[in-house]
Amino acid sequence: MNRLYRYLIILLIVIAALGCSPTATDHKQQLYVFGTLVSISAYSADKQAFEQAVDAVDASFQRMHRDWHSWKGEGALVQLNRAIAGGEMHKVDPFLLPLIEQAKLYSEQSLGLFNPAIGHLIALWGFHSDEPPSGEPPSREAISPHLQDAPAMADLLISGNSVSSRNPRVNIDLGAFAKGYALQLAIKQLASHGITNTIVNAGGDLCVAGKHGERPWRIGIRHPQGKGVIASMEAADGECMLTSGNYERYREYQQVRYAHIIDPRSGYPVEHIASATVVARNGALADAAATALSVAGPLQWLEISQNMGLQQVMLVDEKGRIYLTPKMRQRVVFQDKPDEIIMGQP
Ligand code: AMP
Ligand code: MG
C-alpha cells in the first residue's frame with residue numbers, strides 16, 4: 001500500500017512536469033510582400049515569441065520593399081537611380097549599400113550574366129510594371145543603344161557610402177537578388193527573437209534554420225511546367241534554395257512568350273532554360289546565381305557555377321532535361337523519374 005502510494009505520487013509529479021514544460025508545435029503566418037505571399041513556418045514552444053518575431057520581420061519586409069524597389073515610390077534605390085542617371089555622386093542609405101556592394105561582386109563573378117545594371121532594358125521589355133506586359137516586343141533599334149552603352153555594375157564607383165556611375169545608362173534593378181537577401185535577413189531576425197527552427201518561404205524561394213523537431217525540414221523545388229514540385233530534399237540548418245524560371249513572368253505576343261529574365265549580351269529574354277535552382281548557405285548569392293544560370297543555360301552553366309563557387313545546382317531546360325551537379329544529385333528526390341539527367345561537375 002505504501003509503495004503504491006509512492007508510485008502514485010511519482011506519477012503525479014511526472015504529469016505535472018509534462019504539463020508545465022511547453023512542447024514545441026507548428027506555427028505558420030503569411031505576409032504579402034514583394035508581390036508575393038511569404039509564409040513563415042516555425043517549430044517552437046513559444047507562440048508569443050513567434051508572433052512578435054513575425055511582426056518584426058513584416059516591418060523589415062515593408063522597409064525592404066520601399067528602399068530596395070528600383071522603380072516604384074521614393075525609396076533609397078529610386079533615389080540612387082535618379083542621382084546616378086544625372087551623373088551625381090550619391091550618399092546611399094546604409095540599409096541599401098551592402099546590397100549594391102554584393103550585387104557588384106556577384107555580377108562580376110557571373111561574368112555579367114547576372115547584371116542588375118540593366119534596369120532600363122528590363123523596363124523596355126515592360127517588366128517595370130505590376131501588370132504583365134502585353135503587345136509587341138521592343139524593336140531591335142530600341143534595344144541596340146542598351147547594348148552599345150553596355151551598362152554594368154563595374155561602372156559604379158563606390159567610395160565609402162557614396163556611389164556614382166561613369167555610365168548614365170546604368171539603372172539598378174535588384175529584382176533578381178533582393179529576395180534571397182531578404183529571406184536570409186528574415187531568418188536572422190527570427191533567430192534574434194528565439195525562433196531558431198523555421199522556414200521563410202516566398203513562393204518556393206526559401207531559407208531554413210534548424211530542424212522540425214527530430215527531423216530536418218523538407219523542401220520542394222517548384223516544377224517549371226505546371227504546378228507543384230518537381231523534386232524535394234531535406235534542408236540543413238542555414239541553407240537557402242532559390243529558383244529562377246521563364247514561367248514566372250512573361251510577355252506573350254503572337255503565341256511567343258518573352259520571359260522576364262534578359263540576357264544582357266543580346267538584350268533579349270532567355271529561351272533555352274525553364275528553370276535554374278541553386279542551394280547555398282548565402283541566400284543573396286543563391287538568388288543572383290539562379291538568375292545568372294538561367295541566362296547561362298546548358299552551355300555555360302558549369303563555368304558560371306564554378307566562378308560563383310556553387311556546388312548544388314539543378315537546371316531544367318525547355319525539353320524537360322535535367323542538369324545536376326553531383327552534390328545536388330545526392331540530395332534530390334524526384335516526384336517522377338526524369339527522362340534524361342545530365343550530370344556536370346563545376
Ligand atoms: P529572378 O526571378 O531572381 O531570376 O529575378 C528576375 C528579375 O530580375 C526580373 O524580373 C528583372 O527585374 C531582373 N532581371 C532580369 N534579367 C536580369 C539579369 N540578366 N540580371 C539581373 N537581373 C535581371
Ligand atoms: Mg534570382
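The values are calculated or read from the model by the stated rules, or taken from the named source; none is laboratory data. Given the structure is predicted, the values throughout are model-derived calculations rather than measurements. Cβ sites come from the backbone with ideal geometry, for glycine too, and all protein chains shown count toward neighbours. These accessible areas exclude ligands, DNA and RNA; they are computed on the full protein's heavy atoms, side chains included. Shrake-Rupley method; radii C 1.70, N 1.55, O 1.52, S 1.80 Å.
Data overview
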quantity	calculated
Residue that is nearest to Lys28 (Cα to Cα), among those in region 197-225 that are within 20 Å of the chain's Cα centre (by Cα) and assigned to a loop (DSSP other than H, G, I, E, B)	Asn197
Residues being in a helix (DSSP H, G or I), within 13 Å of ligand 1 (Cβ to nearest atom) and open to solvent by 20 Å² or more (accessible area, probe 1.4 Å) - total across region 103-117	3
Matching residues in region 267-310 - criterion: being in contact with a Pro (Cβ under 7 Å, 6 or more places away or on another chain) and either more than 12 Å from ligand 2 (Cβ to nearest atom) or open to solvent by 10 Å² or more (accessible area, probe 1.4 Å) (or both)	His272, Ala274, Leu302, Ser305, Gln306, Leu310
Neighbours by Cβ (under 9 Å, 6+ apart or cross-chain): first from region 276-300, more than 8 Å from Cys240 (Cβ to Cβ); second among the basic types (Lys, Arg) and away from ligand 1 (no atom under 13 Å from the Cβ)	Pro298/Arg321
Per-region count, region 244-253, residues within 16 Å of ligand 2 (Cβ to nearest atom), touching a Lys or Arg at 6+ places or on another chain (Cβ under 9 Å) and assigned to a strand (DSSP E or B)	2
Pro137 open to solvent by 20 Å² or more (accessible area, probe 1.4 Å), more than 19 Å from Ala288 (Cα to Cα), touching a Phe, Trp or Tyr at 6+ places or on another chain (Cβ under 8 Å) and modelled with pLDDT of 95 or more	yes
Of all residues making up region 131-154, the number that are touching a residue at least 12 places away in the same chain (Cβ under 8 Å) and either assigned to a helix (DSSP H, G or I) or within 12 Å of ligand 1 (Cβ to nearest atom) (or both)	13
